[in-house]
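Here is the structure we will look at, set down as structure tokens.
The values are calculated or read from the model by the stated rules, or taken from the named source; none is laboratory data. Worth saying up front: this structure is predicted, and the values here are computed from it rather than measured. For neighbour counting, all protein chains shown are included, and Cβ atoms are generated from backbone atoms with ideal geometry for every residue, glycine included. Heads up: the accessible areas ignore ligands, DNA and RNA and are worked out on the full protein's heavy atoms, side chains in. Shrake-Rupley method; radii C 1.70, N 1.55, O 1.52, S 1.80 Å.
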Amino acid sequence: MALLLTGSALGIVAACSPAPPPATKDAATKDWRETGRSEPNFPLPSLAPGVDYTLPVEADIRQALDRVRGWFERSTAYGVIDTASGQPITDFSKPTKTAGIDLRKGEFNDWTYSMGVVYAGMLALADVTKDPAYEQYVLKNFDFVFDHIDFFRRQAAEFGPQSYGYRRLVNMRELDDCGAIGAALIKAFRKKADPRYRQGIDLVADFISNKMSRLPDRTLARHRPQWPTVWADDAYMSIPFLAQMGDLTGDRKYFDDGALQVIKFAEYLMDPVTGLFDHTYFANAGADDPDVHWGRAGGWVVMAMAELLSVMPESHPQRAKVLEIFRKSIKGHVALQTATGFWRQLLDRPDSYLETSATAMFTFAIARGVNRGWLPLIYAPVAQTGWKAVEQRIRPDGMVDGTSVATTAAYDMVYYYSRPARPDAMQGFGAVLLAGAEVITMLRQFDVDKTLNTFHYRPKGAPTTPGGRP
């Protein structure tokens, strides 16, 4: 995907191991990072440097996620400026070509796929924690968009769509422009039935259903880098919106299309043996199409399937097939979780770095699967250890270390190996928020026995067998 640059001058950070402790951490924290830590009642604990093998605590999760929300709140500018001079604009009677939203600190108030995932995560946390600040941030941002979109539509009519003038909303060209943030807009519409939100939702629905390029079999596909290319990313850029639209309208055609995309993406991209997803399918490459198991590619797909299964009617004729693909893919990805709890930038390449966004994505999808009964409880500790890895990467200022920057479709491994990780890479924040919300739900929903030096999850109140196992 095209790299969305921020205005902050942040250095590239290495992500080859769990993040080192911040300078503000006390000596005890430094000590456990050097040795690893486990539950104090485990007689023979599993210990490794940097590995936190303890049960997550809801209060700690909430504190970490509040820091993330705080960073967004501090970073988001609510203003329109002259992008040439930096001066604020308050007169919206006549558009100018250089008018734009204030993006000097980053894309926080822009219409982007990565902010769509952030909004989804914040709305999930609003539901789980009952903290209104998460919902308020989302609604404030969407209100700002729709308060100003008519001005920028007039600007586009006179000067052409401008990059600082909500170009992706004014002139949708591909799924990155609308799908993820459109799905979040539907969730926001359930909180606030603003008719302007509904107009935006309908625009997205029309684009995805009627205007986005597709293969003859109706698989969504891109013209870049060459026609036709199927991107794993586009699973999340389309399927959650189709799922939410089906749930909002009751029209089965959206569920039908969402299920079709899951099945076709699996056909083009999923390894039938391992369940791993290739990043892209280059139709013109034929048998030479390279297999690149980029971590976030698989993460996009499993999150998309989880979103579809969450609202898809139990009676839908393709639900069983979607669930089958979901389970197969989860099993394949779980097998590649590392000894640290992280997944890697290139999942099946042990010399590639430990990557945060993919780890958060798999953590969310696995925890959602456990919570909704799609996956057995044996997967719960996998999500638990994934979260404990992610939690270490959330900095005191709310930024998140170890997320690969935006990544396009490439043919060679060197490109993927060498993608830098940055604490301001926007592709990771939403997945971190979603993972935290789902792990909180998991901890509330099940009892956890700490026995035999490990963790055994069971339904609330269910008896344990000797040794603590359900």
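Please say if the range 245-371 is rounded, prolate or oblate, where rounded means a/c under 1.5 for a ≥ b ≥ c the square roots of the C-alpha gyration tensor eigenvalues, and otherwise the choice is prolate for a/b larger than b/c and oblate otherwise?
On the way: a/c = 2.32, a/b = 1.40, b/c = 1.65.
Note, shape of the range 245-371 comes out oblate.
If you take the beta carbon distance between GLN199 and LEU44 as r and set R0 to 60 Å, what does 1/(1 + (r/R0)^6) give as a FRET efficiency, to the nearest 0.05? Numbers along the way, then the final one.
Working: r = 61 Å, r/R0 = 1.01.
About 0.50, to the nearest 0.05.
Based on the mean of other Cβ atoms within 10 Å per residue, sort peptides 225-236, 67-78 so the most packed one is first.
Numbers: 225-236: 22.1, 67-78: 17.1.
Descending packing order for the listed peptides: 225-236, 67-78.
Per residue of the range 276-286, what does 6.51 cos²θ - 1.76 cosθ + 1.60 with θ = phi - 60° give for ³J(HN,Hα)? Whole Hz please, x for Gly and Pro, Karplus curve as stated.
7, 9, 5, 5, 9, 10, 9, 4, 6, 7, x
My understanding is that a pair violates if its Cα-Cα distance is over 20 Å; which of LYS191/LYS388; LYS140/LYS253; LYS140/LYS192; LYS94/LYS192; LYS130/LYS388; LYS264/LYS321 do that in this structure?
On the way: LYS191/LYS388 31 Å; LYS140/LYS253 32 Å; LYS140/LYS192 11 Å; LYS94/LYS192 30 Å; LYS130/LYS388 23 Å; LYS264/LYS321 11 Å.
Beyond 20 Å: LYS191/LYS388; LYS140/LYS253; LYS94/LYS192; LYS130/LYS388.
Treating the beta-carbon of each Lys and Arg as +1 and of each Asp and Glu as -1, no other charges, what is the dipole magnitude of the chain about its Cα centre, to the nearest 20 debye?
Computed about the Cα centre, the dipole is about 520 debye.
In Å and whole numbers, how far do the C-alpha atoms of the chain stretch along each principal axis, longest first?
Largest to smallest, the principal-axis extents are 73, 51, 45 Å.
Is the C-alpha gyration tensor of the range 319-409 telling us rounded, prolate or oblate? Criteria: a/c under 1.5 is rounded; beyond that, a/b larger than b/c is prolate, otherwise oblate.
Here the range 319-409 falls in the prolate category.
Amide H to amide H, which residues 5 or more places from PHE446 or on other chains are under 5 Å from it, using H placed in the peptide plane?
Correct list: empty.
Suppose only helical runs count, i.e. DSSP H with n ≥ 4. What mean residue ellipticity at 222 nm does that imply for the chain under -39500 (n - 2.57) per run, divided by all residues and rounded to the nearest 500 deg cm²/dmol?
Numbers: 16 runs with 218 residues, N = 470.
After summing the helix terms and dividing by the residues of the chain, the value is -15000 deg cm²/dmol.
Which of GLY250, GLN337, PHE364 sits farthest toward the positive end of the charge dipole of the chain, with +1 on the Cβ of Lys and Arg and -1 on the Cβ of Asp and Glu?
The listed residue farthest towards the positive side: GLY250.
Can you give the FRET efficiency to the nearest 0.05 for SER213 and ILE378, using r as the Cβ-Cβ distance and R₀ = 41 Å?
Once rounded, the FRET efficiency stands at 0.50.
Over the chain, with every protein chain in place, what whole percent of the accessible area is carbon and sulfur at 1.4 Å, could you tell me? Please report the intermediate quantities before stating the final value.
Working: 9640 of 18020 Å².
Of all accessible area on the chain, carbon and sulfur atoms account for 53 percent.
Quick one: Cα centre-to-centre distance for the range 209-272 and the range 79-149, in angstrom?
After rounding, the separation between the Cα centres reads 27 Å.
Is the C-alpha gyration tensor of the range 375-441 telling us rounded, prolate or oblate? Criteria: a/c under 1.5 is rounded; beyond that, a/b larger than b/c is prolate, otherwise oblate.
On the way: a/c = 2.54, a/b = 1.49, b/c = 1.71.
Oblate is the answer for the range 375-441, as a/c is 1.5 or above yet b/c matches or exceeds a/b.
Kyte-Doolittle mean at least -1.0 and Cα extent at least 20 Å along the axis: which DSSP H helices of the chain qualify? Don't skip to the end; give the middle numbers.
Details: long enough: 58-75 (26 Å, -1.04); 113-129 (24 Å, 1.24); 132-159 (40 Å, -0.34); 252-269 (25 Å, -0.21); 295-311 (25 Å, 1.09); 319-334 (22 Å, -0.17); 356-371 (22 Å, 0.76); 429-445 (24 Å, 1.26).
Qualifying helices, which must be both long enough and hydrophobic enough, are 113-129, 132-159, 252-269, 295-311, 319-334, 356-371, 429-445.
Please report the spacing between the Cα centers of the range 416-438 and the range 44-76 in Å, no decimals.
14 Å
Under a plain spin-label model, where a point goes 7 Å from the Cα along Cα-to-Cβ, how far apart in nm are GLU73 and ASN453?
Placing both labels 7 Å along Cα→Cβ, they lie 4.4 nm apart.
Can you compute the modelled spin-label distance between ALA285 and THR338, with each label point 7 Å from Cα toward Cβ, in nm?
Distance between label points: 2.4 nm.
Considering amide H positions built from the backbone, and no H for Pro or chain starts, which residues 5 or more places from THR83, or on another chain, come under 5 Å of its amide H?
The answer is ALA99, GLY100.
Could you give the size of the charge dipole of the range 378-470 about its Cα centre, using +1 on the Cβ of each K and R and -1 on the Cβ of each D and E, expressed in debye and rounded to the nearest 20?
Working: 10 positive and 8 negative charges, 61 e Å.
Charge dipole of the range 378-470: 300 debye, to the nearest 20.
Quick one: if the Förster radius is 25 Å, what FRET efficiency do ASP66 and LYS191 give, using the C-beta to C-beta distance and rounding to 0.05? Please list the in-between numbers first.
On the way: r = 20 Å, r/R0 = 0.79.
Calculated transfer efficiency: 0.80.
With the dipole of the chain worked out from charges on the C-beta (+1 for Lys and Arg, -1 for Asp and Glu) around the Cα centre, which of TYR164, GLY179, PHE446 lies farthest toward the positive end?
PHE446
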